[in-house]
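None of the figures in this text is laboratory data; all of them are computed from the coordinates on show. Just so we're clear, the structure is a prediction, and the values are computed from it rather than from any experiment. Cβ sites come from the backbone with ideal geometry, for glycine too, and all protein chains shown count toward neighbours.
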Amino acid sequence: MAPAHLALLVLVLPLLSAAAIALFLRRQGVLASYVSVAAAAGILGCSSLLIFGGYRDFPASVEWLQLGRLTISLGVKFDDLAALMLFVVSFIGFLIHVFSLGYMSDDPARARYFAGLSVFMASMCGIVLADNLFMIFIFWELVGFSSYLLIGHWFERPSASAAAKKAFIVNRVGDFGFLLGILACYWLNDTVNLTELAAKGSAGTLVVSRAIPLLLFCGAVGKSAQLPLHVWLPDAMEGPTPVSALIHAATMVAAGIYMLCRIQVLMVPQALTVIMWVGTGTALYAALCAIAQRDIKKVLAYSTLSQLGFMVAAFGLGALKDHGGAIIAAGVGAAMFHLTTHAFFKALLFLGSGSVIHGCHHEQDIFKMGGLWRRMPVTFWTFTVGVAAIVGVPFLSGFYSKDAILYLALQKNHAVFGVLVFTAILTAFYMVRMWKIVFLGEARSDAAGHAHESGAVMTVPLLLLALGSICAGYGWAQPQAFRGVLTLIPQAHGEAHTIIFLVSLGILAVGAGAAWFLYRPAAEDSLQRKAPGLFALLASKLWIDEAYLYYVRKVQQRFALVLDFCDRVLLAGVIIRGTAGVVGMLSMGVRTLHSGSLHAYVYWFLLGVAFFWACAAGIF
């Protein structure tokens, strides 16, 4: 089959699945779920043929709209970067579909759930394969729509419907800047095609500015939940846990990182500096917030925010010279490397938390769990692998990708290196805290006491993701198809390698050791008991949500009341109704002149003659 046809199938299969479910299978949840899983399997199969079949940079484009000189096309750009991202989306997406068969088996609205998953898969694959910024933006918005559907799946819960609206609105703020950046790019360069922009960059004819990359970065700030638009992601945990794994850990939030790597040619040093510090600040802030969370999914949500900050910071650190003196896009390599490994171990952690929640009869408070390692052994061991990977245990995937970022930071910016090292210590601290409280000790609630292991349809994806969390960091385990991206990964050598390795061991010892000795499996938080002031500060999340709420209620709402007054009283009342009233009164006066009486017309005629005579005589 031609590669263009395979790419088309990747986009069409999930759309057909969503359409079939929405039109014909809304009341047949079992059949709808299998249709969606079959579509996900088809995406994985077609993606595998594209990735491992050696297809690259094949022509596939069709004109969609033409507005004067502006031509918007729908096309495919399939290079090593797209192949790596498509592998992550299709493989992990398929495993999460399979996991959902068990997790959502009792949900009466699972047909709607699986239709939303199919829409999401189509939109995410569209972002990966798009060959121009306009096409990326189209699927970018479709991702936001599908996220709204899935976060608000249990819309009968006020918290879930509010979280869905919050995610949708906050992302629109970032997407407005993203759209302005696309328009600015077209205005200055007469194209938004990624291949043409790269060619202009190589030829030295590309027009770049600080505004274009920073405006485009606004889209990543929203989608990848960076400061200050991060507030939607923790609340998005109101959706089903597989949604958290698929959208808010492995794929959707990674779309911002992927988009940045796509537009690297548009970057200037000043923009990279802003991106670097936004990512660094987000990584540290989210790690601090995670320490005070009791909800198992909220801990993982803030962990996701922090790891995304690592990726954004890595991209912002920029290029690096290799030992031969050649310039390599080390920021792109380090960011995509950590994106790939993070997709495995964070999907594993979220699905593991879903297995815990399912086994504990939907209990999510970690301090009401405990002793689960005996009752849920498969979940325990696979979850342990995920925790070990994210905290950087040597020779697991997270160890290698985190080290690549730390090495790049050590070479480029020592201040960023120090912040990221401290953040990595915090990561080890809050992850070991959660792991110990959830799985060790004795059961601290009836739900935990009667917990049970999940079925094979849920544990098999956990085992596969655990294997990926172990192997994804090894160069030999990475498929040859991704070699173009792997060559961009910064590798530590000599003294720097020793420093990074020792720093990683120190991070693990300090962070994990502090959590192990501070926390014990109990029904209360040890940090809250020993340092209530510090805990209250961390639990407040620096009052950013409250600041937004104050702005909405006290500033935006009052401004809206002023605009409402202007609209109702001045615009509608005075200008529109007032003008209409004056015209109405004039028409009534003029209408009285047309009485149909000859005598009246004669009187008016004589009065008019007298008036004009008086004017001519100078009387008036």
Based on C-alpha coordinates, I'd like the Rg and Dmax of segment 328-484, in Å. 17.2, 56
Kindly give the semi-axes, whole Å and largest first, of the ellipsoid equivalent to segment 504-620, taking each as the square root of 5 times a Cα gyration tensor eigenvalue. 87, 15, 11
How would segment 1-120 be classified by its alpha-carbon gyration tensor: rounded, prolate or oblate, with rounded meaning a/c under 1.5 and the a/b versus b/c comparison settling the rest? oblate
Separation in nanometres of the label points that stand 7 Å from Cα toward Cβ, at L571 and L70: 2.4
Please state the charge dipole magnitude for segment 387-452, taken about the Cα centre, from unit charges on C-beta atoms (+1 on K and R, -1 on D and E), reported in debye and rounded to the nearest 20. 160
Projected onto the charge dipole of segment 281-380 (+1 at Lys/Arg Cβ, -1 at Asp/Glu Cβ, origin at the Cα centre), which of H342, L317, G359 gives the Cα projection farthest towards the positive end? G359
Rough spin-label spacing in nm, given labels placed 7 Å along Cα→Cβ, for L542 and R26: 4.5
Hey, got the Cα dimensions of segment 93-198 along the principal axes, in Å, largest first? 53, 29, 15
Would you be so kind as to identify which of M124, F114, F139 lies farthest towards the positive end of the dipole of segment 34-143, taking Lys and Arg as +1 and Asp and Glu as -1 on Cβ and the Cα centre as origin? F114
Counting each DSSP H run of 4 or more residues in the chain as -39500 (n - 2.57), what helix-only mean residue ellipticity at 222 nm follows after dividing by all residues, to the nearest 500 deg cm²/dmol? -22500 deg cm²/dmol
List the extent of the Cα atoms of segment 180-273 along each of their three principal axes, largest first, rounded to whole Å. 48, 24, 21
For segment 55-94, just say rounded, prolate or oblate: build the C-alpha gyration tensor, square-root its eigenvalues into a ≥ b ≥ c, call rounded for a/c under 1.5, and beyond that prolate if a/b exceeds b/c, oblate if not. prolate
Highest first, please rank the peptides 276-283, 515-522 by the mean number of other Cβ atoms sitting within 10 Å of their residues. 276-283, 515-522
Between L8 and V268, what FRET efficiency comes out of the Förster formula 1/(1 + (r/R0)^6) with R0 = 25 Å and r the beta carbon distance, rounded to 0.05? 0.10
Give me the net charge of E238's neighbourhood, meaning all other residues with Cβ under 12 Å from the Cβ of E238; Lys, Arg count +1, Asp, Glu -1. +2
Suppose R0 equals 30 Å. What FRET efficiency, 1/(1 + (r/R0)^6) with r the Cβ-Cβ distance, do Q491 and A531 give to the nearest 0.05? 0.15
For segment 439-530: rounded, prolate or oblate by the Cα gyration tensor [a/c cutoff 1.5]: oblate
Calculate, in nm to one decimal, what F395 and L549 gain on full extension: separation in residues at 0.36 nm each, minus their alpha carbon distance. 51.0 nm
For the chain, inverting the pair-averaged 1/r of distinct alpha-carbon atoms gives a Kirkwood value in Å of 26.4
Post the alpha-carbon centroid distance, segment 366-400 to segment 28-106, in whole angstrom. 30
What's the extension gain from A199 to K321 if we count 0.36 nm per residue and subtract their Cα-Cα distance? 41.7 nm
Packing-ranked peptide list from 190-200, 236-246, 293-303, highest mean Cβ count within 10 angstrom first, is 236-246, 293-303, 190-200
Tell me, Kirkwood radius of segment 241-365 from alpha-carbon pair distances, in Å? 15.4
Potential extension, V590-I619 segment - 0.36 nm per residue separation minus Cα distance: 7.8 nm
Hydrodynamic radius by Kirkwood, which averages 1/r over all alpha carbon pairs of segment 342-412, in angstrom: 13.4
Compute, for segment 280-374, the length of the dipole vector about the Cα centre, with Cβ point charges of +1 (Lys, Arg) and -1 (Asp, Glu) only. Units Debye, rounded to 20. 140
Ordered by packing density, taken as the mean number of other Cβ atoms within 10 Å over each peptide's residues, highest first, how do 600-608, 343-351 rank? 343-351, 600-608
Which whole number in µm²/s is D for segment 4-73 by Stokes-Einstein, with the Kirkwood Rh taken over Cα pairs at 10 °C and 1.306 mPa s? 112
Simple spin-label model, 7 Å along Cα-to-Cβ: F52 to E524 in nm? 5.5
